[in-house]
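See below for the structure under consideration.
The values are calculated or read from the model by the stated rules, or taken from the named source; none is laboratory data. Every value quoted in this text rests on a predicted model; they were computed, and no experiment measured them. All Cβ positions, glycine included, derive from the backbone under ideal geometry; neighbour counts span all protein chains shown. Each accessible area value is taken on the protein alone, full model and side chains, heavy atoms only, with ligands, DNA and RNA left out. Shrake-Rupley method; radii C 1.70, N 1.55, O 1.52, S 1.80 Å.
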Amino acid sequence: QVQLVESGGGSVQAGGSLRLSCAASGHTFGTATMGWFRQAPGKEREFVAGIRWGNTYYADSVKGRFTISRDNAKSTMSLQMNSLKPEDAAVYYCGAGRRVEVGTESAYEYWGQGTKVTVFS
């Protein structure tokens, strides 16, 4: 089992920045894939960014603005979000799993509870 806890959400003005963190505990050795998804009210959960064996992947909507990173020694993952837009407002979820398909929910076996990001204009 792997436990994931997100932190760093909050309220920020459009154009501002936030840094989300995900702390993993438990049997993390099998979680080659880690990523961030988000879900806005009334919408389905969508892929934001993922990382697997040092390779990073991003949704088109966040490329150039968001940066995902992972510190295996500390069992943490981060998402640096810059130039935030109102459409980035959502609950952000950290996921971890074994499978290759980084951009799909099926690759992730474990999820955190989510952290809310609000962007006001």
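Within region 1-34, take every residue that is open to solvent by less than 30 Å² (accessible area, probe 1.4 Å) and of a type in the set (S, T, N, Q) and give me the one that is farthest from the chain's Cα centre (by Cα).
Residue satisfying both the conditions and the ranking: Thr31.
Can you pull out every residue in region 63-121 that is in contact with a strand residue (DSSP E or B) (Cβ under 7 Å, 6 or more places away or on another chain) and among the small types (Gly, Ala, Ser)?
Listed by number, the residues that qualify are Ser69, Ser75, Ser78, Ala89, Ala90, Gly95, Ala96, Gly97, Gly103, Ala107, Gly112, Gly114.
For region 28-48, does any single residue satisfy the condition of being touching a Gly at 6+ places or on another chain (Cβ under 6 Å) and free of Cβ contacts under 8 Å to residues at least 60 places away in the same chain?
Within region 28-48, one or more residues are touching a Gly at 6+ places or on another chain (Cβ under 6 Å) and free of Cβ contacts under 8 Å to residues at least 60 places away in the same chain.
Please go through region 64-104 and pick out each residue that is acidic (Asp, Glu) and open to solvent by 70 Å² or more (accessible area, probe 1.4 Å).
Just the residues of region 64-104 that are acidic (Asp, Glu), to begin with: 71, 87-88, 101.
Passing the criteria: Glu87, Glu101.
Among the candidates Ala40, Ala107, which residue alone is closer than 21 Å to Gly15 by Cα and surrounded by 13 or more Cβ atoms within 10 Å (Cβ to Cβ)? Outline the logic, then answer.
Working: Ala107 fails: closer than 21 Å to Gly15 by Cα.
Every option except Ala40 fails the conditions.
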